[in-house]
Structure formats: C-alpha cells, structure tokens
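Scroll down for the structure; my scribbles are underneath it.
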Amino acid sequence: MNEQPLLRVNSMTKYYGSRIGCRDVSFELWPGEVLAIVGESGSGKTTLLNNISTRLTPTSGTVEYRMRDGQFRDLYRMGEAERRFLMRTDWGFVHQNPADGLRMTVSAGANVGERLMAIGDRHYGDIRNTATRWLGRVEIDADRVDDQPRDFSGGMRQRLQIARNLVTGPRLVFMDEPTGGLDVSVQARLLDLVRSLVNDLGLSAIVVTHDLAVARLLSHRMMVMKDGYVIEQGLTDRVLDDPREPYTQLLVSSILQV
Amino acid sequence: MPTPLVVSEVAKSFVMHLRDGIKLPVVENVNFSVAAGECAVLGGPSGIGKSSILKMLYGNYGVDAGQILITHNDVTVDIAGADPRTVLNIRRDVIGYVSQFLRTVPRVAAVDVVAEPLLARGIKSDVARTRAIELLEKLNLPEHLWQLPPTTFSGGEQQRVNIARGFITNHPLLLLDEPTASLDAENRAVVVQLIREKKASGTALLGIFHDQDVRSAVADRIIDVSMFRAGREAA
Amino acid sequence: MNTHGELATYNFAYLDEQTKRMIRRAILKAIAIPGYQVPFASREMPMPYGWGTGGVQVTAAVIGPDDTLKVIDQGADDTTNAVSIRAFFQKVTNVAVTTSTRQATIIQTRHRIPEEQLGENQILVYQVPIPEPLRFLEPRETETRKMHALEEYGLMHVKLYEDIARNGHIATTYAYPVKVEGRYVMDPSPTPKFDNPKMHMSQALQLFGAGREKRIYAIPPYTEVVSLDFEDHPFEVQTFKDPCALCAATGVYLDEVILDDKGSRMFVCSDTDHCENRRNEGHHGHLSGQALEAQQ
C-alpha cells in the first residue's frame, strides 16, 4: 500500500496581469488515482493543469512530485533539463487536439518511438516492435505503423497520442479534454480505452473536462472550478449525486439525460 | 469481533440552490447498528429516506451530522468524515453495494463487470472470471450474454449482473437497494438463497426490499425509517 | 592592410577589419564549443546567398597574405562556384591559389572533403546552407536551441527511424548528422556521408559558415565525430562497384558522368585533384586516355 501521495499542490495561484487564472488551489494526488477537474470554459481548469504540469509558471505556490527514488521535489526548483526529462519519461500529456501532441509528418511508429529514442534506445527493431505493440494496445492495426497520423481519423489520432505518451511507462498523465473533438461513439471507445489503460497500468491522472459524464466514467475524485477557485471537491459520485454548491448543482442539473 | 456497522445520530438534508436555497430535510437522528450474520431491512413508505441512508453509508451522499462507523483494517473509521481515498478503500475492502440500477460502461463485457470488484482486490483475472461466471450461471443469465456489454440488456438482466457484482466479494458489509425489484419469482428465490449464504458466512446485510415475500424470507429485523423522519419531534 | 596597388578600393580580403574581428570571435567561440552553432552578424557579400557567402566570410576572416587557397565545389576545382570564389579571393587578397590539396593552407569547400588526408597546418572551410540538423522535424528555432542546450536529441533518431521505416535502411546519404565530442549534434553540411569518417579526429581545423542563417560552427583538430545510427542499422558509407574510370582509384567517392544519349556512363573521382595526381603517378582507369590508346 502506498502511503505517500505522488503529487502535492500547495496554494497554487496564477494571475494573468491583474486577472485571476486560478487561485489558492491545494490538493494531493495519490498513486493510481484519477482526478477530474471540471468547470465551464474560463473557470481556470486548463490554467491549473498547465501550472501543475509546468507548461506555465505559477504566480505563487508549489508543486511537489515524488520522484522514482521516493524523494519529493519542487518542480519549479528543478533545472529545466531535469524537468523536461521528467515530462517525457515519467509524465504524459494528452492534448485535446491530437495535432498538438503528435508529429503529424512522421509515421505512427516514430511518434510512439520518439520517447524511447529520447531516453537512449538505439535499436530500430526493438523500438518498432514496442511501437507496434503499443498501437495494438490502443486498437490501431499493426499495418498502420508506417502511416502518418495525418492519414488517421480523429479518434485514431487521439489513441495514437495516448500510446505515444504511455510508451515510457509514465506514472502521471495529464489530459486536457481528451475526448473534446470526437463523435459520441468514438468518445465512448476512447473513454473505455483510457479507463482500462489507467486501471491496468495503475496510472495517476489529472483530467480536465467540461463533460461530467467523462468525469464520472474516468475519475475517482473531482474538483469543481469556477472563476479560478475550486468551489467543491470530493469523491466523484458524491459530488455528482449530492452536489452542495449552487454552481455544482447547476452544472449537474444541466446534464442532458439520454 | 466489532459490530460491522454502527450509525449514530446521522442527519441529512438537501439544500436546493436552484430553488431559492430551500432546505429539504431528509432524515435526522438516525441510530441503528447491524451485526455480523444479520440481515436488517430498512422499512417505511417510499420517499422516507431509505435509499438516502444507504447512499450515505456508501459515501455516495454527504452527511450533515453524526457518525457512520465501520471497521477497516482493524481500525474504526467514520465514513461521514472520511476523505475520498479512504472511502474508496472501504468500498474496495469493506462495503459492497447493489444499487437499483446498473451503471454500465461502454464495451465492458458482463462477466468483466461482475469480476471487477475481485480484480480491484488483487485477485487473479482467471479466478475472478470463473467466480463471475458461477454467479451469472446461478442467476440464470443466458450464457450468450456473458461476453456482451450489459448496456443493451433488459432491466432484469442488468439487475442480475448488478447482483452478481455485489455478491462476488466477501465484503463484511453488504448494502442492497431493492435488488429484486425487476426480477421474476425464480430469480428472486436465487437472490434470497444468496442472501442466506451471505448471512451464514457472517456478512452483515442492510437492505431495502419492497417485495413482501423476499423481505419476510431474509429479514431478521426491520428498522423503521419513519422514526428518523426529519422534523418529527418538532412537528 | 593593403598589400597591392590594384586593391586600393578594397580592404585585404574584402571585409573590413572590424567585421573580421567579429567573425574571428565567433570562430574562436565555435572552436571552444565544438559543434555548437555560434550566431554572427553575417554581412552582405558580392554574391547571392547559396553561393557560399558563409564560407567566404569565414575564409576572409582567417586568410592571410602567406596563405595558399584552394576552392572546390563537389570536389572539383574547375566548376563555376569554385572558379568564381577563387577568382574573388585572388582579386581581394592576391594570395597564392592552388588546386593541389597538399599545397593549400586553406581549402574552402562546397559539399566534399578532399580524399587526401589533411594535416595540422590546414583549415577546411565548409559552405553551409542550413546549419540546423533538427530543423527537418522541429521548425521552431527557439525549440531547437533549447534542445541543443539540454542535449535532447531523440528527434534526430526519429528522422533516421523514418528513413528506415520508409526505405528499409537509413537513406540519408548527405548532410548525415553527427555528434561532436559526445555533445552537440551537428549538420556536416551537404557533404556525402562517405566523407563523415574523415571528419573524425581530423588533423585539420574544420570551420563551417552559414551566411544566410548567420551561424558559424567548428570542429577543432583531433575531435571525436560520430555519425548517428541504430545498433541494428549501423552507419555505413557508400561503396562503389567499380574503381574510378580514369585513375582506377578505389575507396574514393565517385561521380557519375553520362557519356552519350544511349545510356553510357562512367564513374570518376569527384575529387579532381586526387584523380589528376593518381594519373600523373601512372594509375590508369579503363577509360583513361592511355588505356584507350593502348586498346587501339
């Protein structure tokens, strides 16, 4: 049993000039835990995600990450080289738009293999086999390994992006609206895939979404954001089934029932 | 052995912010306990708060006041104040729950839906699936459905998957929210049998059964929820 | 510095002394950090970009009155680019020029390294069109600079991976990326990969100038230069089936020459000086003048 969290966020605040991006956010993320950050556009959820994942620099606050040696490190006190290494080995980042997370003009195999090559793998055959195996795990046929993602459908691209991120066995994956631009049926397939990968690999994940159904399906715990503040948080089904805050009640009651 | 479930002075209300913040009291001063090997049944008319009580016990609803004490890893834990991670661990290890409706996940086969609580406890996949199939067989779910996702199943079929999922583990405490509502007589009898087996093995069960026959077949005791109706003393 | 009456309108080597000083500083920094691309304030030269303005500025900054200059283009001393750059330096420096690799102290080159091994007293100046080896996959200069700074070179292998995935082997045959002194990945300019091994532990100083891109980089003498590859697809140079048709040399880089419109062709040394020397030494290929006379 893991007695220590993987990530500790303390009083994270981000201002854009005088405007609040997110304000005084603190939480811990535990191994194997999936946290959903929900809220409408402009609520600060993507700002929060980018600040935690070091894609933006917070105005104040700290983010501590438990490295593989068990030591907690403040991400903003790390050297850039170390931080970038962490990002491409122990972390994943799944963008809403796959084109932001993929190299559209190189093959699927090279997209998946890039992280391996970045950490020093130098055996073409092994890299290609690993890439092919990962394509299989995200339900892309092995015979597409040499095709470029620009020839892929939106759902396939998103699955490829996931494979590209997971190939180094990261412990923490950030996802920004991972099902954002997809058709409903494609969404369902992707969600199920993400869910089972997260379960099988014991990943921790922070998922930003405005879609409460996504949050319900993927996350253990959720935080509701409004105007830069976390207004409610707790067990996902508790927040969705017994929302306390006026805004959360509004959100939950706004879900379309099918 | 400690009492598996002690509920003490629990109160619950809903504040409806979308309706001008009106407060809807549900229950208050809920006091009862369930012993090992016992099947207690929450009784009273509908709308009295029976389901709400089960949901509070499962951590699904927040609790305004009071304590819900269970034992987890030999430690007494108050679910009313437990953090999400503790609640999840308790669900994995201590409290099983058969809800009224199955929440289906796209593309996951019935047998895997049933096996999942065992997998979560670290039991090997083939063992868990064998156990899942035994239960589905017992509940007369046609074999050709086992490998299909329950999304398209009938209400009764989904409910049997749900029951199998709830009964597959050896959780010391099992919450049952109308598990037999959409079942035929034959399958109701199976559920009664399953409940008896659970009792015999020392599980504490707390249930809601509208079906009179089932209730009298399994209940050791009825807890009258109307006793806990909010504002009763004031009225 | 004015060494010749005819040159009154130009400073020695065309560039003014302040510009030379600036370029020499860039060169010194480049030598100090092997393989690192040093930005410099590239000047307008009296020739278009793509004609070797970077190489010309580097040569102009290092050349002195006692130097002997050789200029080659694809290995040849007598092609347009080589001839005009050589003429340019004759005009603005009046230094000795040569076609002999051995006699030259400075060799400015486009796309080849001479076959003859260079020595410690020689400088090889490369003309570089695109200095950034990572540009193919990462167009942002800000990002590639960061990748160099942090030694993030996985992308370079992505390029080679793509080569193998598409062609079954590493199909990059020129501008083949190298790692210099175990640190910086460098584009050796569009020389054939055949020449890559010559850069390794070279006794001569190697300077690279990219005029349009305003970058100078260098490989000091006796520096480790390793061509990137995969374990199961190791780096290898081109091999040629037949020896040079004129001088019978093997193990040299050959150019294909079309002889007529019926598909006849021959392969001859790309390094014209090397070929000539061999023929003077009595080596004859099957299409050399002597060989053809002997047949008749």
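What follows draws every value from the coordinates through simple rules; no lab data is involved. None of the values given here were measured: they were computed from a predicted structure. Glycine gets a Cβ as well: all are built from the backbone with ideal geometry, and neighbour counts include every protein chain shown.
Here the ratio of the Cα radius of gyration of region B:1-125 to 2.2 N^0.38 Å is 1.19. The chymotrypsin sites (Phe, Trp or Tyr not before Pro) of region B:61-115 meeting both criteria, a DSSP state outside H, G, I, E and B (loop) and at most 16 other C-beta atoms within 10 angstrom of the site's C-beta, are B:Phe101.
Hey, any idea what the orientation-averaged projected area of the convex hull of region C:157-284's Cα atoms comes to, in nm²? Spell out each step's value before the answer.
Working: hull surface 43.6 nm².
That works out to 10.9 nm².
Please compute the contact order of chain C in relative form: average sequence separation of alpha-carbon pairs under 8 Å and at least six residues apart, divided by the residue count, as a percent. Intermediate values should be presented prior to the final figure.
On the way: 593 pairs, mean separation 57.8, N = 296.
Relative contact order here is 20 percent.
Multiplying the residue separation of C:Ala149 and C:Asp78 by 0.36 nm and removing their Cα-Cα distance gives an extension gain of 21.5 nm.
Straight-line cross-link partners of B:Lys50 among the lysines, defined as a Cα under 20 Å from its Cα and at least 8 positions apart when in the same chain: B:Lys12, B:Lys23.
For peptide A:130-140, compute the average count of partner chain beta-carbon atoms within 10 Å of each residue's beta-carbon.
On the way: counts 0, 2, 0, 0, 0, 0, 0, 0, 0, 0, 0.
That works out to 0 on average.
Taking max minus min of the alpha-carbon positions on each principal axis, the protein assembly as shown gives extents of 119, 63, 43 Å, largest first. Note on region A:176-258: Kirkwood hydrodynamic radius from all Cα pairs is 13.6 Å, rounded to one decimal. Karplus-derived 3J(HN,Hα) values for region A:211-221, using 6.51 cos²θ - 1.76 cosθ + 1.60 with θ = phi - 60°, are 9, 5, 5, 4, 4, 4, 6, 9, 9, 8, 9 Hz; glycine and proline are entered as x.
Here the alpha carbons of region C:243-296 define both size measures, Rg and Dmax, at 11.0, 33 Å. The protection proxy used here, the mean number of other Cβ atoms lying within 10 Å of each residue, ranks peptides A:4-10, B:144-150 as follows, highest first: A:4-10, B:144-150. Other protein chain C-beta atoms within 10 Å of residue C-beta, averaged over C:149-155: 5. What percent do you get for the relative contact order of chain B when only Cα pairs under 8 Å and 6+ apart count? The value is 29 percent. In order along region B:141-147, phi translates into HN-Hα couplings of 7, x, 4, 5, 8, 4, 8 Hz, rounded to whole numbers, per the Karplus curve 6.51 cos²θ - 1.76 cosθ + 1.60 with θ = phi - 60° and x for Gly and Pro.
Once the mean of 1/r is taken over each pair of separate Cα atoms and inverted, region B:121-230 shows a Kirkwood hydrodynamic radius of 15.1 Å. Annotation: amide H of C:Tyr174 within the under-5 Å range of C:Lys193, sequence separation 5 or more or interchain, hydrogens built in the peptide plane. Applying the Karplus relation 6.51 cos²θ - 1.76 cosθ + 1.60 with θ = phi - 60° to region B:188-199 yields 3J(HN,Hα) values of 4, 5, 4, 5, 4, 5, 4, 5, 4, 4, 4, 4 Hz, where x marks Gly and Pro.
One equal scatterer on each Cα of chain B, no solvent, Debye formula: the resulting log10 I(q)/I(0) at q = 0.09 Å⁻¹ is -0.38. Amide hydrogen proximity for A:Met223: with H placed 1.01 Å from N in the peptide plane, the residues at 5 or more positions away or on another chain lying under 5 Å are A:Ala36, A:Ile37, A:Val38.
From largest to smallest, the equivalent ellipsoid semi-axes obtained for region C:18-66 from the alpha-carbon gyration tensor read 18, 14, 10 Å. Summarising the label geometry, the points placed 7 Å from Cα in the beta-carbon direction at B:Ser201 and B:Leu148 lie 2.9 nm from one another. When the inverse distances between all different Cα atoms of chain C are averaged and flipped, the Kirkwood radius reads 20.2 angstrom.
Amide H contacts of B:Tyr97 (H built 1.01 Å from N, in plane; Pro and chain starts excluded): B:Leu175 sit under 5 Å, all sequence-distant by 5 or more or on other chains. Across region C:43-132, C-alpha contacts under 8 Å between residues 6 or more apart give a mean separation that, scaled by the residue count, equals a relative contact order of 33 percent.
Cross-link check: pairs C:Lys29/C:Lys91; A:Lys45/C:Lys146; A:Lys226/B:Lys55; C:Lys70/C:Lys198; C:Lys20/C:Lys70; A:Lys14/A:Lys45 evaluated at a Cα-Cα cut-off of 23 Å; pairs beyond the cut-off: C:Lys29/C:Lys91; A:Lys45/C:Lys146; A:Lys226/B:Lys55.
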